[in-house]
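Visitor: This structure is in structure tokens; I'll ask about it shortly.
Any read-out appearing in this document is the output of simple, stated calculations on the displayed coordinates, not a laboratory observation. Computed from a predicted structure; not experimentally measured. Counting neighbours? That spans all protein chains shown, and the Cβs are built from the backbone with ideal geometry, glycine included.
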Amino acid sequence: MAGPAIENGQSGELRRFIQDRELPLRRHAHGGMASAVLRYGAFVGSAIQHHPALTRAMDHALAHIIAMEESDRSVASGTTIVADSLSCSRGRFSRQWHAPPGGLWGCLIHVNTLLPASRPLLSLAVGVACCEAIRQEGGANACLRWVNDVLIGGKKVAGFLIQGFSGPRHCEEYDLVGFGINLNNRRFPEELQSSAVSLAEVLGHPVDLPHFQLTFLAKLTWNLGLLYFEEANTLRENGFSGDGGEHMLLRRWKELSDTLGRRVVFGRNIFENPLYEATVTGLQDDGALMLRLSDGSSIVESCGEIRYRGETAEAAQKKRPGAGG
Amino acid sequence: MANEIDFDEIFKKYRSDPYEYIDIRAIHTGLVRCLVAEGAEVAAPAGEWMHLPGTGLYEITRERNSKIVTSQINGAVAGINTGLNGKFVEAGETLMTIRHPLKKKEIVENILQEILFLFPAPEKAKYFFSLDIQSRIEKKGARAITINPGDEIITMSLMKRDTPVYYEGEPGVIYSIYFKPGVSVAQGDPLIGVCGPEKLPLIQKIVTKVKADWDTE
């Protein structure tokens, strides 16, 4: 097997792509702050490793961290490991994740320098980035299901798995952000056929994979940059930058999600142990889901997963005031 | 950590004052308004999912952002710092004390906590046993599971970010579990109590003794 192609620093194609495509787009929407946000997120793709095949990108990231620490070197935050295919990939709770050639599979290493209040939003940020990238590529109906599943027409097109990890030598905190995006892989195992879809299937034509990778990393640069940008704003006691003083990332998540107002089943492991049905009433400042139970009482969940019940996304969208995007 | 227990002394203590006293502190700086009076009964969170909040204890307002802090335990208000009502307080200032009546099970646990090795929560989050430990607990029960330093025993979960928690402490069996799946645990609170095999007879003795000598549930 050929060794990985390695690009160091957000200095090559990605930096040009951000400069030429992402910055004008964001400047148009957000004005002068756009450059600052992208600077905060410029660690994304600081090193990009591309492998023809791996067993699991997360395992490769872990091995990379351990090897770097053992040789007394620092891991570059934003290091991104991408593979054409993964042979033993999995989702949460050891669920299988099908990762043949044609999709975008990989792991981004985030060295945690966020304050505790911002760190929970990392999960939302990666979902927002992916949803934006898919919409920009033509998947206009892509939307987010809490926490960060990206769906098109109710079927999952992308999923994320974030694993916290403390470095064995210096106890540095890492977030390993695993991503799996179905792009040109049109065939799914039988058990996934009713719940998974690829972007190529939706668009009716293949996706330019290297171009999508650049778009996704550019969107990650913006959305992870937002976490640091908003954190800096609050430290300066300026408050958040979104309309009405709302955190810009939460604002964007709400625009892209069809979760608010939906009737859902909640569980920590939804397949093996669904716990209860409720209606989603909102999102807390820390990204936790606010739910109303059948007896009218409220509950807030900061971990677990949901599946939609009953009404269609379109119906829920119509009911929800201020739904955008 | 004790290896010998003076039962008479401990029982005397719990019989003369079978309560736990919990200080209620300001969660952050702000203007405080007490919502309960001295001696008032307060309730703990309730409901199948613990979604019905406990009794409101005080309201704290900072920068026009008000929140009501509720009781996490049942009992009675045993002391209010009335001088702070309506005043701006610093974070951590003690506002009142809740006197919580101890049940037999809680007394056993309190005594056991002096003997067991308590493994604390690394940060405020929800905790679950790792898949391997969970399946072993389901098959054999927690007290049949021996854990060693370095074992991945628990998963800390917050907003779909899962962090494996590795056990650090003396090898032994998982004797007590202090967390419930899906319920937040504060940083530093114990997650599990672990007991070396040599201490099991002592623990059995405590449990038997309290069960036999303590009248009320």
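Visitor: Out of (1) surrounded by 12 or more Cβ atoms within 10 Å (Cβ to Cβ); (2) out of contact with any helix residue (DSSP H, G or I) (no Cβ under 8 Å at 6 or more places or on another chain); (3) within 14 Å of chain A (Cβ to nearest Cβ), what's the single condition that is false for B:Gln187?
Guide: (1)
Visitor: For residues in the stretch B:38-55 being surrounded by 15 or more Cβ atoms within 10 Å (Cβ to Cβ) and not in a loop (DSSP other than H, G, I, E, B), which is nearest to the other protein chains (Cβ to nearest Cβ)?
Guide: Across the stretch B:38-55, the extreme among qualifying residues is B:Leu52.
Visitor: If you don't mind, there's one more thing I want to ask. Applying the selection to the stretch B:63-77, what residues are surrounded by fewer than 16 Cβ atoms within 10 Å (Cβ to Cβ) and not β-branched (Val, Ile, Thr)?
Guide: If the condition is that a residue be surrounded by fewer than 16 Cβ atoms within 10 Å (Cβ to Cβ) and not β-branched (Val, Ile, Thr), then B:Glu63, B:Arg64, B:Asn65, B:Ser66, B:Lys67 are the ones that fit.
Visitor: Would you mind stating whether A:Phe93 is in a helix (DSSP H, G or I), within 21 Å of B:Glu152 (Cβ to Cβ) and over 13 Å from the mean Cα position of the chain (by Cα)?
Guide: Yes, satisfied.
Visitor: Which one is nearest to A:Met248 (Cα to Cα) among residues in the stretch A:266-276 that are facing chain B (nearest Cβ under 10 Å) and assigned to a strand (DSSP E or B)?
Guide: To start, the set of residues in the stretch A:266-276 that are facing chain B (nearest Cβ under 10 Å) comprises A:266-269, A:273, A:275-276.
Going one step further and asking which of them are assigned to a strand (DSSP E or B), we end up with A:266-267, A:275-276.
Values: A:Phe266: 26, A:Gly267: 28, A:Leu275: 32, A:Tyr276: 31 Å.
Checking each candidate, the answer is A:Phe266.
Visitor: From the set of residues in the stretch B:150-180 that are closer than 24 Å to A:Met58 by Cβ and assigned to a loop (DSSP other than H, G, I, E, B), which is farthest from the other protein chains (Cβ to nearest Cβ)?
Guide: Once the filter is applied, the top-ranked residue is B:Asp151.
Visitor: Which count do you get for residues in the stretch A:277-297 that are free of Cβ contacts under 8 Å to residues at least 60 places away in the same chain, closer than 15 Å to A:Trp146 by Cβ and at the interface with another protein chain (Cβ under 9 Å from one of its Cβ atoms)?
Guide: 1
Visitor: Could I ask something else about it? Output the residues belonging to the stretch B:165-188 that are among the small types (Gly, Ala, Ser) and closer than 29 Å to A:Ile299 by Cβ.
Guide: Of everything in the stretch B:165-188, those that are among the small types (Gly, Ala, Ser) and closer than 29 Å to A:Ile299 by Cβ turn out to be B:Ser176, B:Gly182, B:Ser184, B:Ala186, B:Gly188.
Visitor: I would also like to ask the following. In the stretch A:232-260, what residues are in a loop (DSSP other than H, G, I, E, B) and among the acidic types (Asp, Glu)?
Guide: Taking the stretch A:232-260 and keeping what is in a loop (DSSP other than H, G, I, E, B), we get A:236-242, A:246-247, A:258-260.
If the condition is that a residue be in a loop (DSSP other than H, G, I, E, B) and among the acidic types (Asp, Glu), then A:Glu237, A:Glu246, A:Asp258 are the ones that fit.
Visitor: From A:Trp253, A:Trp222, grab the single residue that is more than 30 Å from A:Ile299 (Cα to Cα) and buried (at least 21 other Cβ atoms within 10 Å of the Cβ).
Guide: After ruling out the rest, the residue left standing is A:Trp222.
Visitor: Out of the residues in the stretch B:117-131 meeting the condition of being within 8 Å of another protein chain (Cβ to nearest Cβ) and either in a strand (DSSP E or B) or aliphatic (A, V, I, L, M) (or both), tell me which one is farthest from A:Phe93 (Cα to Cα). Please lay out each step first, then the result.
Guide: First, pick out the residues of the stretch B:117-131 that are within 8 Å of another protein chain (Cβ to nearest Cβ): B:123, B:125-126, B:128, B:131.
With the extra rule that they be either in a strand (DSSP E or B) or aliphatic (A, V, I, L, M) (or both), the set shrinks to B:125-126, B:128, B:131.
Values: B:Ala125: 18, B:Lys126: 16, B:Phe128: 12, B:Leu131: 7 Å.
Per the criteria, the residue is B:Ala125.
Visitor: Filter the stretch A:152-167 down to the residues that are of a type outside the set (Val, Ile, Thr), crowded, with 19+ Cβ neighbours inside 10 Å and within 13 Å of chain B (Cβ to nearest Cβ) and list them by number. Reasoning before the result, please.
Guide: We begin by selecting, within the stretch A:152-167, every residue of a type outside the set (Val, Ile, Thr); these are A:153-156, A:158-161, A:163-167.
Applying the additional criterion that residues be crowded, with 19+ Cβ neighbours inside 10 Å yields A:158-161, A:163-165.
Those that are of a type outside the set (Val, Ile, Thr), crowded, with 19+ Cβ neighbours inside 10 Å and within 13 Å of chain B (Cβ to nearest Cβ): A:Gly159, A:Phe160, A:Leu161, A:Gln163, A:Gly164, A:Phe165.
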